[in-house]
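Enquirer: First the structure, which I've put down as structure tokens, then a few questions once you've had a look.
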2 protein chains.
Amino acid sequence: MLTVEFAEECVFLTNDIGRLVIIGGAEDKEGDCIILREVVRLAGGNQARLLVLTAATLEPQRVGALYRQVFAGLGAAEVGVLDINERLQAEDPMLVRLVENCSGVFFTGGDQLRITSLIGGTALFHALVDSYRRGVVIAGTSAGASVMSSTMIVDGSGDKEPAAGAVRLAAGLSLISDVVIDQHFAQRGRLGRLLAAVAQNPYVLGIGIDENTAMVVDGPEFEVIGSGTVSILDGQHIAFTNVSEVSPQAALALAEVRLHVLSEGYTFNLQTRQPKSHAGTTNSRNAKGGS
Amino acid sequence: MLTVEFAEECVFLTNDIGRLVIIGGAEDKEGDCIILREVVRLAGGNQARLLVLTAATLEPQRVGALYRQVFAGLGAAEVGVLDINERLQAEDPMLVRLVENCSGVFFTGGDQLRITSLIGGTALFHALVDSYRRGVVIAGTSAGASVMSSTMIVDGSGDKEPAAGAVRLAAGLSLISDVVIDQHFAQRGRLGRLLAAVAQNPYVLGIGIDENTAMVVDGPEFEVIGSGTVSILDGQHIAFTNVSEVSPQAALALAEVRLHVLSEGYTFNLQTRQPKSHAGTTNSRNAKGGS
């Protein structure tokens, strides 16, 4: 596998997996703030220069002020808020420089299509990708989590039986490839729509992140932090599916999906598609007896 | 494997898998009534003598009258409604005879603990099991579905992240063994609680049935009917889980669960734990190309 080396002692894979904090929404902002604290730490701790991007939300002022306060409280050196409301702004060299000069970017929640339609392909987007390749941490919650992947979920009902066309997809920001990410996963009963995405192309790994839970990606591996779980649907060995044969409204059928559910401290290798237990083994029954 | 033969040309396995219609709740009662029509058909069509057991519900009169009307409309010869409100009634030989003389039993929804606490171990229960072994079809919806198995889910929040102790279990009616059944599965986001049940003992197969969907069990196989899906969680090859190591409130971790999602017409063999596609193969990619 080809690797590219950078001055800052970071080694990146050519498939552009750098440092990401992908959050399932509703992360703690008042208590221990485990996830947002980790964002600050990865961005340099008390040296962190964070840029909060509020493009997704229709309440940029309120949401921007909230994250500014939380990140400042967690010890970040600087916290800027950037609201992009039209594509022209995302071409403004002054705003682009903000992205170039920060050590961490944070995408708020809202509507993922606002993020991609406003900044996809702009100078600001390219600056973001360059920063990411240099090792700048990119974090995002809810809609800001969905946009991370090459293909993203933009719509699909939760708490509904899986249907062949239960999910609407669009092109994401491509910071991480070969996965489709869903958020508020358990809380909104989104197994069905993620299964539909995986059935449509089992090459992509379906990743469902619960609220107040994040996957922290560093190179080919990610670790789970937070109070909930990350569910991984691996469709590589699907034996059969009806997804291409039935109408979009019809109930889905698919056999032989591998499902992993990981909680805090567990890791997963995106290249080998193997989860790892705390004990470090990938294939051991390590349950202890009761009493 | 030992089998027992009966006069009516039925061959049953000694593990007591007979004919069951296990319904995920909210089955259609006004349109095509595909599921309830199948209950009538299996019970003998226009010869069917159905007994509706309303023990689960606190509205036995309304619910009993509704099913009486629907089953009569679907052509059943006789529809009786039996409400058991205290255990003593379930010892009454006259009521027991009702069970002995019917060709199909239908458990309504409500609270599964009402069913088991009111009839478990009574003369009526034993008559029910005897009827079942003779080939009488036993159907149940919602709570009436949960009670079918040896171990049943009685509580656990939906739309919540999977937690080690997210599910409360109790002994069921044991008409089908080695499975745990959940209902309203997609509609109430119950993946987490079914995963918890499977993690606790991967020997049992977790089966989640969507609303207006049923698994029709005949011997070791079942077929899916209705508008939604049946999800099967097979934990036999779980590589690791934290279920015995963490507090009941802690997020669950488990790796290598096999997940199958089956829609109408697909079948599953409970003994080999293999799903079968329409094409009859268990391991073929039978997706057709697009256009």
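Enquirer: Can you name every residue in region A:156-178 that is of a type in the set (A, V, I, L, M) and either surrounded by fewer than 22 Cβ atoms within 10 Å (Cβ to Cβ) or within 16 Å of A:I22 (Cα to Cα) (or both)? Steps first, answer last, please.
Expert: Taking region A:156-178 first, the residues of a type in the set (A, V, I, L, M) are A:163-164, A:166-167, A:169-171, A:173, A:175-176.
Correct list: A:L169, A:A170, A:A171, A:L173, A:L175, A:I176.
Enquirer: Considering only residues that are touching a residue at least 24 places away in the same chain (Cβ under 8 Å), facing another protein chain (nearest Cβ under 10 Å) and not in a strand (DSSP E or B), which ones fall in region B:246-256?
Expert: Residues satisfying the conditions are B:V246, B:Q249, B:A250, B:L252.
Enquirer: Another one. Look through region A:94-108, keep the residues that are out of contact with any strand residue (DSSP E or B) (no Cβ under 8 Å at 6 or more places or on another chain) and closer than 12 Å to A:F125 by Cα, and return whichever of them is surrounded by the fewest Cβ atoms within 10 Å (Cβ to Cβ).
Expert: Step by step, filter region A:94-108, then rank; the result is A:R97.
Enquirer: If we only count strands (runs of 3 or more DSSP E) wholly inside region A:1-61, which ones have 1 or more residues that are modelled with pLDDT under 95 and more than 25 Å from A:G208 (Cβ to Cβ)?
Expert: Details: elements: A:3-5, A:11-13, A:19-23, A:49-53.
Filter on region A:1-61 gives A:3-5, A:11-13.
Enquirer: I'm checking my understanding of the structure. Among residues of region A:257-273 that are crowded, with 20+ Cβ neighbours inside 10 Å and more than 7 Å from chain B (Cβ to nearest Cβ), which one is modelled with the lowest pLDDT?
Expert: By that ranking, first place goes to A:L270.
Enquirer: So, one more: Could you list all residues from region A:114-139 that are surrounded by 19 or more Cβ atoms within 10 Å (Cβ to Cβ) and not hydroxyl-bearing (S, T, Y)?
Expert: So the first thing to find is which residues in region A:114-139 are surrounded by 19 or more Cβ atoms within 10 Å (Cβ to Cβ), and the list is A:115-116, A:118-119, A:122, A:124-125, A:127-128, A:131-132, A:136-139.
Hits for region A:114-139 are A:I115, A:L118, A:I119, A:L124, A:F125, A:A127, A:L128, A:V136, A:V137, A:I138, A:A139.
Enquirer: Still on this model: Keeping to region B:95-133, report how many residues are of a type in the set (V, I, T), outside any helix (DSSP H, G or I) and out of contact with any Gly (no Cβ under 9 Å at 6 or more places or on another chain). Explain how you work it out, then say what you get.
Expert: Residues of region B:95-133 that are of a type in the set (V, I, T), as a first pass: B:96, B:99, B:105, B:108, B:115-116, B:119, B:122, B:129.
Filter once more, so that each one left must be outside any helix (DSSP H, G or I): B:105, B:108, B:122.
After this cut, where a residue has to be out of contact with any Gly (no Cβ under 9 Å at 6 or more places or on another chain) as well, the list is B:122.
Here the count works out to 1.
Enquirer: Continuing with this model, one more query. Run down B:I209, B:I181, B:I232, B:I153 and say which single residue is buried (at least 21 other Cβ atoms within 10 Å of the Cβ), modelled with pLDDT of 95 or more and farther than 26 Å from B:V63 by Cα.
Expert: From the options B:I209, B:I181, B:I232, B:I153, the qualifying one is B:I232.
Enquirer: Mind telling me which of the residues A:K276, A:K288 ends up being within 24 Å of B:H260 (Cα to Cα) and at pLDDT below 95? So that I can check it myself, show each step before the final result.
Expert: Numbers: A:K288 fails: within 24 Å of B:H260 (Cα to Cα).
The match here is A:K276.
Enquirer: Which of (1) part of a loop (DSSP other than H, G, I, E, B); (2) over 24 Å from B:V230 (Cα atoms) is the odd one out, the single condition A:M152 does not satisfy?
Expert: Result: A:M152 fails condition (1) only.
Enquirer: Additional query: Out of A:A251, A:A214, report the one residue that is of a type in the set (A, V, I, L, M) and within 15 Å of the chain's Cα centre (by Cα).
Expert: Of the residues listed, the single one that is of a type in the set (A, V, I, L, M) and within 15 Å of the chain's Cα centre (by Cα) is A:A214.
Enquirer: So, of the residues in region B:228-240 that are assigned to a loop (DSSP other than H, G, I, E, B) and free of Cβ contacts under 8 Å to residues at least 60 places away in the same chain, which turns out to be farthest from the other protein chains (Cβ to nearest Cβ)?
Expert: Among those residues, the one meeting the criterion is B:Q236.
Enquirer: Is it the case, given these coordinates, that B:V243 is in contact with a helix residue (DSSP H, G or I) (Cβ under 8 Å, 6 or more places away or on another chain) and either in a loop (DSSP other than H, G, I, E, B) or surrounded by fewer than 24 Cβ atoms within 10 Å (Cβ to Cβ) (or both)?
Expert: yes
The values are calculated or read from the model by the stated rules, or taken from the named source; none is laboratory data. Just so it is clear, the model here is predicted, and its values are computed rather than measured. Neighbour counts run over all protein chains shown; Cβ positions are idealised from the backbone, glycine included.
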